[in-house]
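What follows is a single structure, written as structure tokens, with notes after it.
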């Protein structure tokens with residue numbers, strides 16, 4: 001749980017970073033994110049002495065196939081998210097990560113055969129109503145929301161199935177994306193505007209820290225996704241879009257419509273129901289342990 005809470009809190013605040021790099025084209029920014037993530041991962045691999053795990057994962061065809069798929073999914077997710085922020089569609093991005101947990105519940109119960117209690121199903125139904133209301137009010141940008149939700153939900157499922165630890169897995173994913181990332185930044189450098197790198201000290205600094213901003217929450221998420229029930233992880237995910245939602249209303253000054261307010265009420269009611277269920281389960285387990 002601490003890993004999940006940390007990951008989603010960081011992701012919820014990430015629009016503040018992208019606000020500083022809005023002048024960089026979305027595709028080029030994705031390329032630099034990949035390239036600056038690689039040295040961060042390699043440094044951590046050396047510190048934690050996991051080079052052997054990286055080699056073993058690359059040598060295993062099944063594991064490498066999983067990571068190739070997950071690399072494509074997370075690269076797609078990054079690109080769509082950046083496009084949304086640069087189009088000033090922060091609330092559409094927020095909706096995508098509201099839909100994401102519901103898809104995770106579906107994947108958890110169907111693919112992973114996890115079972116939900118009645119209260120948990122009530123929470124899912126309540127959240128679904130809220131998300132449906134918000135989706136109806138954002139039909140014109142629903143492609144952004146659905147692309148974000150589907151790409152990240154399937155990414156988490158693939159990473160959960162891949163028999164590799166979080167850091168070696170992210171290192172390999174970044175290495176797989178390195179070739180297209182190099183092509184993107186070279187293409188940008190040859191364009192009329194030239195490369196964004198080298199234009200100013202501030203821009204260079206923002207690009208340089210993109211590796212940390214990308215790698216740290218992904219590592220935390222990968223740890224959580226492998227250790228937590230996927231359906232429980234789904235509800236923790238509501239932290240990130242709620243923070244993005246608040247940033248959209250305040251920092252990005254997007255208008256608050258009645259539909260969005262209604263959605264927010266349903267979502268937080270669902271979270272309250274889910275937390276109540278967890279509390280009741282914990283009390284029940286404590287009583288059973290005391291009886292033994």
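Just so you know, all these numbers are worked out from the coordinates, no wet-lab data involved. Note that the coordinates shown come from a computational prediction; the quantities given were computed from them, not determined experimentally. FYI the Cβ positions are ideal-geometry reconstructions off the backbone, even for glycines, and counts take in every protein chain you see.
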In whole angstrom, the spacing between the Cα centers of the range 239-267 and the range 66-113 equals 18
Rounded to one decimal in nm, the spacing of the 7 Å Cα→Cβ label points at residue 132 and residue 275 is 2.6
Quick note, the range 179-292: a/c under 1.5 would make it rounded; otherwise a/b > b/c is prolate and the rest oblate (a ≥ b ≥ c, C-alpha gyration tensor); here it is oblate
So for R0 = 22 Å, FRET eff. of residue 55-residue 182 from the Cβ-Cβ r, to 0.05, ends up at 0.45
Taking a label point 7 Å from the Cα of residue 9 along Cα-to-Cβ, the residues of the range 207-221 whose backbone nitrogen sits under 20 Å from it are 212-221
Hey, can you rank 13-26, 122-135, 232-245 by average C-beta count inside 10 Å, highest first?
-> 232-245, 122-135, 13-26
Find, to one decimal place in angstroms, the Kirkwood hydrodynamic radius of the range 98-171, where the mean of 1/r is taken over every pair of different Cα atoms and then inverted.
-> 13.8
So, by mean Cβ neighbours within 10 angstrom, what's the order for 150-160, 199-209, 266-276 with the highest one leading?
-> 150-160, 266-276, 199-209
Evaluated at 25 °C with a viscosity of 0.890 mPa s, what Stokes-Einstein diffusion coefficient in µm²/s does the chain have when Rh comes from the Kirkwood expression over alpha-carbon pairs?
-> 123
Take the Cα gyration tensor of the range 89-246, multiply each eigenvalue by 5, square-root it, and list the three semi-axes largest first, rounded to whole angstrom.
-> 33, 21, 13
Helix axis angle, 142-161 relative to the chain longest principal axis, alpha carbon, degrees | 80
For the range 1-145, just the Cα atoms, rotate onto the principal axes and tell me the three extents in Å, largest first.
-> 47, 44, 28
How far is helix 258-291 tilted off the main Cα axis of the chain, in degrees rounded to 10, range 0 to 90?
-> 60
Grab the Cα-Cα distance for residue 252 and residue 86, subtract it from 0.36 nm times how many residues apart they are, and report the gain in nm with one decimal.
-> 58.6 nm
Any chance you could get the radius of gyration and Dmax over the Cα atoms of the range 1-87, in Å?
-> 15.5, 42
Find, to one decimal place in angstroms, the Kirkwood hydrodynamic radius of the range 138-192, where the mean of 1/r is taken over every pair of different Cα atoms and then inverted.
-> 13.9
Relative contact order, percent, of the range 142-292 when contacts are C-alpha pairs under 8 Å separated by at least 6 residues?
-> 23
Working from Cα positions, state the angle (0 to 90°, nearest 10) between the long axis of helix 210-227 and the longest principal axis of the chain.
-> 30
